[in-house]
Amino acid sequence: MTAIDYNEKIPNNVDLASDRTLQRALEQWQPNFVDWWREMGPEGSHGFDVYLRTATSVDPEGWAHFDYVKMPDYRWGIFLAPESPRRKIHFGDHLGEDAWQEVPGEHRANLRRIIVTQGDTEPASVEQQRHLGLTAPSMYDLRNLFQINVEEGRHLWAMVYLLHRHFGRDGREEAEALLHRRSGDVDNPRILGAFNERTPDWLAFFMFTHFTDRDGKFQLKALAESSFDPLARTTRFMLTEEAHHMFVGEAGVSRVLQRTCEVMNELRTDDPARLRAAGVIDLPTVQRYLNFHYSVTLDLFGADESSNAATFYATGIKGRFDEAKHDDDHRLRGDSYEILDVKDGRLAPRRVPMLNALNEVLRDDFVRDSVGGIERWNKRIEKTGVAFRLALPHKAFHRRIGTLANVSVSPEGEVLTRAQWTANADRWLPTEGDRAFVASLMGRVVEPGRFAGWIAPPAIGIDRHPIDFEYVRFG
Ligand SMILES: [Fe+2]
Ligand SMILES: [Fe+2]
């Protein structure tokens with residue numbers, strides 16, 4: 001695989017120089033992207049030298065090159081995983097045919113919509129996280145935040161490349177619009193709900209990267225199966241970066257739990273008020289944050305019954321998570337799947353055609369993956385001797401999209417009246433008071449090797465450097 005030439009204006013491994021029109025279009029978009037970064041990227045960070053990972057090629061050795069970089073000068077580039085010649089379509093009605101190197105006219109609108117929706121999440125999360133640098137709990141964490149931010153920026157580049165290269169004029173217009181929508185904006189919001197929520201503090205950030213970036217993983221895994229080969233190849237490379245984002249989330253929450261449990265043991269108490277007075281986040285508050293971010297993320301998978309999902313699969317646009325590992329005919333006509341319905345005020349399973357349930361199939365894969373994360377957090381708690389377990393709320397809890405949006409369900413899966421639900425919501429979701437308390441802990445700690453009192457240090461540093469390495473030079 002050829003290494004990327006960083007002397008080029010737009011680093012790439014797609015031989016951009018051979019397509020002058022495309023190159024020029026992207027070079028026109030580039031300054032608008034940088035303007036967006038300066039306006040909506042990490043606040044107050046533009047002069048910092050940050051110890052960042054930059055891909056130099058897409059093979060395993062090449063994409064983990066570390067150096068100090070000023071973020072506005074980060075070399076956002078276009079990297080596709082290598083082409084596999086003669087790749088075949090391996091699911092849907094076109095199974096066995098050659099994969100598409102160009103967009104088939106009849107799938108153009110759907111492919112564009114999928115790429116735009118994915119692309120929109122990338123700058124959205126940068127916008128959601130843009131104030132967090134001001135309250136970083138350590139220099140190490142600050143660096144990780146910035147790493148995620150530049151990579152989300154690169155994921156935007158990846159989708160914009162596809163739009164410019166394959167969708168002509170409307171692709172270019174969509175690429176512009178990706179820089180104009182704003183997370184949480186009333187008039188011009190980002191496309192998906194969870195990407196318009198605020199990420200006001202670092203506990204929210206860790207939950208977001210644990211759960212919402214994990215949604216990203218599942219969406220990208222499904223798109224990595226696409227019959228549209230350039231989409232499959234670009235998402236495969238994005239997944240290598242996504243793994244680090246989820247690591248930051250999982251390890252971040254884990255370190256919060258560690259610190260809280262240490263203080264619980266020191267003070268021999270589980271009284272939230274005493275723990276808060278001691279400057280750590282009580283475990284029930286962590287659970288409420290978890291409930292919020294998990295349920296909001298579940299909605300990202302879309303309606304449980306969806307004719308779009310059926311179309312995307314049947315036409316070969318979007319596969320399932322680990323498509324090849326499914327032991328079936330990969331066409332799914334005539335198969336069925338159980339979704340959760342509401343009947344006489346109760347949750348009741350109902351069988352629907354598998355093709356229409358593919359959002360739910362992907363959501364259930366995500367749920368399984370999330371269970372693993374909770375178990376690792378609980379192990380961490382267990383090791384400190386504290387008797388407390390985190391739990392994933394029921395799939396029907398606090399849902400806004402699909403059948404379950406019409407029902408009020410407790411985290412344990414009990415169907416409630418709206419009034420019962422509202423009376424208990426403060427026990428289940430972060431309250432104003434919770435958020436205000438967590439916000440009160442957020443203060444900037446950025447001397448190398450120092451950590452805020454509410455979070456334990458990580459076990460190891462980045463790129464084999466010590467924890468007190470100077471990950472960010474403020475200049
Ligand atoms: Fe991303
Ligand atoms: Fe991500």
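Hey, got the dipole for the chain? About the Cα centre, +1 on K and R Cβ, -1 on D and E Cβ, debye to the nearest 20? Show your work: numbers first, answer last.
Values: 60 positive and 72 negative charges, 130 e Å.
Dipole about the Cα centre, nearest 20: 620 debye.
Charges on Cβ only, +1 for Lys and Arg, -1 for Asp and Glu, centred on the Cα centroid of segment 99-238; of 211, 129, 140, which one is farthest towards the dipole's positive end?
Value computed over the given set: 140.
How many percent of Cα pairs in the chain exceed 33 Å?
Counting every Cα pair in the chain, those more than 33 Å apart make up 39 percent.
For residue 70, which sequence-distant residues (separation of 5 or more, or a different chain) have an amide H within less than 5 Å of its own amide H, given hydrogens modelled in the peptide plane?
Those qualifying (amide H under 5 Å, at least 5 residues apart or on another chain) are 50.
Suppose the chain between residue 383 and residue 267 were pulled fully straight at 0.36 nm per residue; how much longer would it get relative to their current alpha carbon spacing?
Details: separation 116, 0.36 × 116 = 41.76 nm, distance 1.72 nm.
In short, 40.0 nm is gained.
Over segment 222-287, what lengths in whole Å, largest first, do the semi-axes of the equivalent ellipsoid take, defined as the square roots of 5 times the eigenvalues of the alpha-carbon gyration tensor?
Working: eigenvalues 361, 20, 10 Å².
Over the Cα atoms of segment 222-287, the ellipsoid semi-axes are 42, 10, 7 Å.
Report the normalised scattering of segment 214-333 as log10 I(q)/I(0) at q = 0.13, 0.16, 0.21 Å⁻¹, calculated by the Debye formula with identical scatterers on the alpha carbons.
-0.69, -0.85, -1.17
Less than 17 Å apart at the alpha-carbon level, and either on another chain or at least 8 residues along: which aspartates and glutamates does that give for residue 343?
Within reach: 304, 305, 414.
Using 20 Å as the cut-off for backbone N distance, which residues of segment 247-279 belong to the label zone defined by a point 7 Å from the Cα of residue 459 along Cα→Cβ?
Hits in segment 247-279 for residue 459 at 20 Å: 247-263.
Using 0.36 nm times the number of residues separating residue 30 and residue 131, minus their current alpha carbon distance, what extension gain do you get?
Values: separation 101, 0.36 × 101 = 36.36 nm, distance 2.36 nm.
This chain segment gains 34.0 nm when fully extended.
Report Rg (one decimal) and Dmax (nearest whole number) for segment 60-146, counting Cα atoms only, units Å.
19.2, 53
Report Rg (one decimal) and Dmax (nearest whole number) for segment 326-455, counting Cα atoms only, units Å.
20.0, 61
Each residue of segment 107-119 in turn: what ³J(HN,Hα) in whole Hz from Karplus with 6.51, -1.76, 1.60 and θ = phi - 60°, glycine and Pro shown as x?
The phi angles translate into 10, 4, 5, 5, 5, 4, 4, 5, 5, 5, 5, 5, x Hz.
Can you run phi through the Karplus equation (6.51, -1.76, 1.60; θ = phi - 60°) for segment 200-208 and list ³J(HN,Hα) in whole Hz, with x for Gly and Pro?
For segment 200-208, the Karplus-derived couplings read x, 9, 6, 5, 4, 4, 5, 5, 4 Hz, x marking Gly and Pro.
Once phi is turned into θ = phi - 60°, what whole-Hz ³J(HN,Hα) does the Karplus curve with 6.51, -1.76 and 1.60 give for every residue of segment 65-80, x standing for Gly and Pro?
9, 10, 6, 6, 9, 7, 4, x, 9, 3, 8, 5, x, 10, 10, 10
Once amide H atoms are built 1.01 Å from N in the peptide plane, which residues 5 or more positions from residue 336, or in another chain, come under 5 Å H to H?
It is 354, by chain and number.
Please work out, to two decimal places, the log10 of the ratio I(q)/I(0) at q = 0.17, 0.19, 0.20, 0.25 Å⁻¹ from a Debye calculation in which every Cα of segment 283-380 carries one identical scatterer.
Once normalised to I(0) and log-transformed, intensities are -0.87, -1.00, -1.06, -1.33.
Given 70/318; 217/395; 325/395; 70/217; 88/395; 217/379, which pairs have Cα atoms separated by over 30 Å?
With Cα atoms farther than 30 Å apart: 70/318; 88/395.
From the residues 257, 76, 51, which one has its Cα farthest along the dipole of the chain in the positive direction, the dipole being from +1 and -1 charges on Cβ of Lys/Arg and Asp/Glu about the Cα centre?
257
In whole angstrom, how far apart do the alpha carbon centroids of segment 291-367 and segment 221-275 sit?
When both Cα centres are located, 24 Å separates them.
Could you pull out every residue, at least 5 positions away or on a different chain, whose amide H is within less than 5 Å of the one on residue 408? Hs are placed 1.01 Å off N in the peptide plane, and Pro or chain starts have none.
416
Which percent of Cα-Cα pairs in segment 1-143 sits in each 10 Å bin, short to long?
9, 28, 36, 19, 7, 0
Name the residue farthest towards the positive end of the dipole of the chain from the options 29, 89, 357, assuming +1 on Cβ of Lys and Arg, -1 on Cβ of Asp and Glu, about the Cα centre.
357
Given a Förster radius of 41 Å and the C-beta distance between residue 418 and residue 46 as r, what FRET efficiency does 1/(1 + (r/R0)^6) yield to the nearest 0.05? All intermediate terms of the calculation are to be shown ahead of the outcome.
Details: r = 47 Å, r/R0 = 1.15.
The formula returns an efficiency of 0.30 here.
Two decimals is fine: what is log10 I(q)/I(0) at q = 0.12, 0.28 Å⁻¹ for segment 254-313, from a Debye sum with one equal scatterer on every Cα and no solvent?
These q points yield log10 I(q)/I(0) values of -0.46, -1.07.
Quick check for me: using +1 on Lys/Arg Cβ and -1 on Asp/Glu Cβ, what's the dipole size of segment 428-470 about its Cα centre, in debye to the nearest 20?
Details: 4 positive and 6 negative charges, 8 e Å.
Using only the charged Cβ atoms, the result is roughly 40 debye.
Throughout, read-outs are computed from the coordinates displayed, never taken from laboratory work. Predicted model only: the values in this text are computed from it and were never measured. Ideal geometry is used to build each Cβ from the backbone, glycine not excepted, and the neighbour counts take in all protein chains shown.
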